[in-house]
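This report refers to the structure that appears directly beneath it.
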Amino acid sequence: MNDITRPENPDSRCGFVAIVGRPNVGKSTLLNHILGQKLSITSRKPQTTRHQVLGIKTVDSVQAIYVDTPGMHEEEPRAINRYMNKAATSALIDVDVVVFVVDQLAWTTADEMVLEKLSRLTCPVILAVNKVDKLEKRESLLPHLDMLSKKREFTEIIPLSALKETNLEPLEEAVGRYLPESIHFYPDDQITDRSERFLASEIVREKITRQLGAELPYSVAVEVEEFKREGKTLHISALILVEREGQKKIIIGDKGERMRRIGQEARTDMERLFDSKIMLRLWVKVKRGWADNDRALKSLGMNDL
Ligand SMILES: Nc1nc2c(ncn2[C@@H]2O[C@H](COP(=O)(O)OP(=O)(O)OP(=O)(O)O)[C@@H](O)[C@H]2O)c(=O)[nH]1
Ligand SMILES: [Mg+2]
């Protein structure tokens, strides 16, 4: 039988790598620092990632296709949380390698739940012990790693810091070793499967999440209505959807001050990512109950997976 994925170059390897873990352990930060590009949004608040984002990294003959996933957490009734758990679990189907991210010395019931989800997998699971830059006593790490090594037969256990880019190379090398022999699925210079439009909406959502701290729950969605290039300038209009009138006021802020700041920060990031001059227009609109409503989620592109 002809195997269409068999490469002419026998060193050529390619495969999918799922980055999983409970919320806030640094999965998206890890992906961004591996890619050297900010693709996936991050913040101090748990449950920042909502969508599955592919980050593609090709080094010579090896192409790793990383899947950043929403943090897995206890089942909750809200449609958006169900959607996020589903997105995280479905990322595990058909992957070649899993990177399970945990937060330095912590081991919680949520980590235990992720471990349980991984128990049926037969592919290699690499444990990434992230945020070691925060360790107060380095010697506390060894006994902890020893405890973790008993939780499951991990292919490798790698302490690292995604933020400071410490030990990322050993992680990438380990990933590369376990990818199957295959042609590359994407062009070698491509870094994501997501459209520029999608990335633009995620940048706006990141700025809102970061600016608003604990003031606003996760009831914000962003829809890009216009994404048009005119010469060297990109014209982008985005609609910010909230659930209540009060949330709209919070986002706009005193005399529009907060909205202006969100816009400025988003524009700076977009200029860097798209390498263009950006004309950004933002609007806020109340769309009641969207985070609870399956249909509203679908209309925002969060389709059932
Ligand atoms: N000190 C330190 N902080 C980190 C490191 N990696 C991530 N963080 C911080 O941890 C927080 C969460 O990071 P994210 O990358 O958004 O975490 P996540 O796992 O993608 O979170 P969800 O998408 O919500 O599941 C952010 O404030 C990051 O800056 C690290 O290596 N060291
Ligand atoms: Mg994330």
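The values are calculated or read from the model by the stated rules, or taken from the named source; none is laboratory data. No experiment lies behind these values; they were computed from the predicted model shown. Positions of Cβ are generated from backbone atoms using ideal geometry, with glycine treated the same way; all protein chains shown enter the neighbour counts. Note: areas computed on protein heavy atoms with side chains; ligands, DNA, RNA excluded. Shrake-Rupley method; radii C 1.70, N 1.55, O 1.52, S 1.80 Å.
Data table
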| read-out | value |
| --- | --- |
| Tally, over region 253-278, of residues that are open to solvent by 60 Å² or more (accessible area, probe 1.4 Å) and in contact with a helix residue (DSSP H, G or I) (Cβ under 8 Å, 6 or more places away or on another chain) | 3 |
| Members of region 124-150 found to be in a loop (DSSP other than H, G, I, E, B), open to solvent by less than 70 Å² (accessible area, probe 1.4 Å) and either more than 16 Å from ligand 2 (Cβ to nearest atom) or modelled with pLDDT under 95 (or both), listed by number | Pro124, Leu135 |
| Residue within region 95-103 that is in contact (Cβ under 8 Å) with a residue 60 or more places away in the chain and of a type in the set (Phe, Trp, Tyr) present | yes |
| Answer from Glu181, Glu196, Glu206, Glu156 - the residue that is touching a residue at least 12 places away in the same chain (Cβ under 8 Å) and closer than 16 Å to Thr29 by Cβ | Glu206 |
| Failed item, numbered, when Glu225 is tested on (1) under 30 Å from Thr108 (Cα atoms); (2) touching a Leu at 6+ places or on another chain (Cβ under 7 Å) | (1) |
